[in-house]
Amino acid sequence: MATKDLKLPELESGEHAEFYFFPFMSSVMERLRTMGRQRTFETYASALKSFTAFRRNRDLFISDMDSELMLLYEAYLQKRGLTKNSTSFYMRILRAVYNRAVEKELTVQRYPFRHVYTGVAKSVKRAISLDQIKRIKELDLSERRSMEFSRDMFIFSFCTRGMSFIDMAFLEKSNLRNGVLSYCRRKTGQRLSIRWESCMEEIVGRYDMRRSTFLLPIIKHADSNPRLQYLNAMCLVNRHLKQIGAMAGLHLPLTMYVARHSWATAARNKNIPISVISEGMGHDSEKTTSIYLASLESSVIDEANNVILREL
């Protein structure tokens, strides 16, 4: 976000822009981008955009941030229909920036976030049953190619143990060798290997990717920004999935993330050990048994996945 578009308080003699919140947060974001932390940069940009809208584009001194202001911001977010976890998400980002300013001695610590919620509440159930997965898989979308593509990406994610959309987008053909799909999770850097199954092959085979190094038709244009293509595709897919969910008679919004939750739930319902589920999903920082258990052999996880996929 360009700070020149923001209305800054008048500077008093000898004061610098670093004492104002918007340009300081922009400088933190720029450092994130320089470090290659694009995903974190984007979340910070989203938080700054929201806080700027709340402030009606009027900047403020970092030292003027107090608990009353944050309570007003929390109320502003709630009135716009954000969930408790979403408001907490923005608060935690702003708090991290504020604490950075305290470390740089741009203000004294006034604990402006002490009265707002910054925790993580238990999420509403986002998993669906295997029968519902099958219902989605069997929908006839042949006359609606864009929606069929969105459905295929959802099923591919489920078949690959809840692979995230960003990992799917950047899969290359070279990741598939000798019947094994291997890739590194972009979120954690953990390397995962998945036995290639017929349901995965069926989806990939529907799309002509002969002129691309990518496995799936998410990033299609070599001369365009790949991350922007991924983000645009993700928005389109999630929008279509909500329509597909309604067509399948679901009572919750269908998104790509539902595939991940659903695989974990299906595995648990098959009495697959939590340690296998955690390893299979590539959990790293999550509070699961994969934190302290030794890595399991891929064959154990592949067999767990095969038990689930046989029901499709």
Most fluctuating residue given options PHE214, PHE41, PHE149, as computed from a GNM of the chain linking Cα atoms under 10 Å:
PHE41
Just to confirm the number: angle between the C-alpha axis of helix 145-159 and the first principal axis of the chain, 0 to 90 degrees, nearest 10?
80 degrees
Result for the chain: accessible area per residue, probe 1.4 angstrom, in square angstrom, of 55 Å²
Given the candidates VAL307, THR118, GLN132, the one whose Cα lies deepest towards the positive end of the charge dipole of the chain, counting +1 at each Lys or Arg C-beta and -1 at each Asp or Glu C-beta, is GLN132
Whole-Å semi-axes of segment 13-145's equivalent ellipsoid, largest first, each the root of 5 times a Cα gyration tensor eigenvalue?
37, 18, 14
The chain: angle of helix 84-103 to the longest principal axis, Cα-based, in degrees nearest 10
50 degrees
Percent of Cα-Cα pairs per 5 Å bin, from 0 to the last occupied bin, for segment 167-291, please list those.
2, 9, 14, 19, 21, 19, 12, 4, 1, 0
Computed over segment 16-117: relative contact order in percent, which uses C-alpha pairs under 8 Å that are six or more apart:
34 percent
Per the Kirkwood formula on distinct C-alpha pairs, the Rh of the chain is how many angstrom?
22.1 Å
Would you work out the charge dipole size for the chain about its Cα centre, treating the Cβ of every Lys and Arg as +1 and the Cβ of every Asp and Glu as -1, and quote it to the nearest 20 debye?
440 debye
The value for segment 79-151 (convex hull of the alpha-carbon atoms, volume per residue, Å³) is 174 Å³
If I take every Cα pair under 8 Å that is 6 or more residues apart in the chain, average their sequence separation and divide by the length, what percent do I get for the relative contact order?
16 percent
Please report, in debye to the nearest 20, how large the charge dipole of segment 83-201 is about its Cα centre when each Lys and Arg carries +1 at its beta carbon and each Asp and Glu carries -1 there.
660 debye
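How large is the dipole of segment 195-257 about the Cα centre if only Lys and Arg carry +1 and Asp and Glu carry -1, each at its Cβ, rounded to the nearest 20 debye? Write down the numbers at each step before the final one.
Details: 8 positive and 5 negative charges, 36 e Å.
Dipole size: approximately 180 debye.
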Connecting every pair of Cα atoms under 10 Å apart in the chain and solving the GNM, the largest mean-square fluctuation among ALA222, ALA267, ALA127 falls on ALA222
So if each residue of separation counts as 0.36 nm, and I subtract the Cα-Cα distance between THR34 and SER46, what length gain in nm does that give?
2.5 nm
Summing -39500 (n - 2.57) over the DSSP H runs of n ≥ 4 in the chain and dividing by its residue number, what mean residue ellipticity at 222 nm do you reach, to the nearest 500 deg cm²/dmol?
-15500 deg cm²/dmol
Segment 93-155 to segment 159-202: how many Å between their Cα centroids?
21 Å
Carbon + sulfur, % of accessible area of segment 23-177 - ligands and nucleic acids excluded, 1.4 Å
47 percent
Identify which of GLN132, GLN229, GLN109 has the largest mean-square fluctuation in a Gaussian network model of the chain, with springs joining Cα atoms closer than 10 Å.
GLN109
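The values are calculated or read from the model by the stated rules, or taken from the named source; none is laboratory data. Model, not experiment: these values are computed from the prediction. Quick reminder, even Gly has a Cβ in these numbers, built from the backbone with ideal geometry, and neighbours come from all protein chains shown. Side chains included, ligands, DNA and RNA excluded: accessible areas come from the protein's heavy atoms. Shrake-Rupley method; radii C 1.70, N 1.55, O 1.52, S 1.80 Å.
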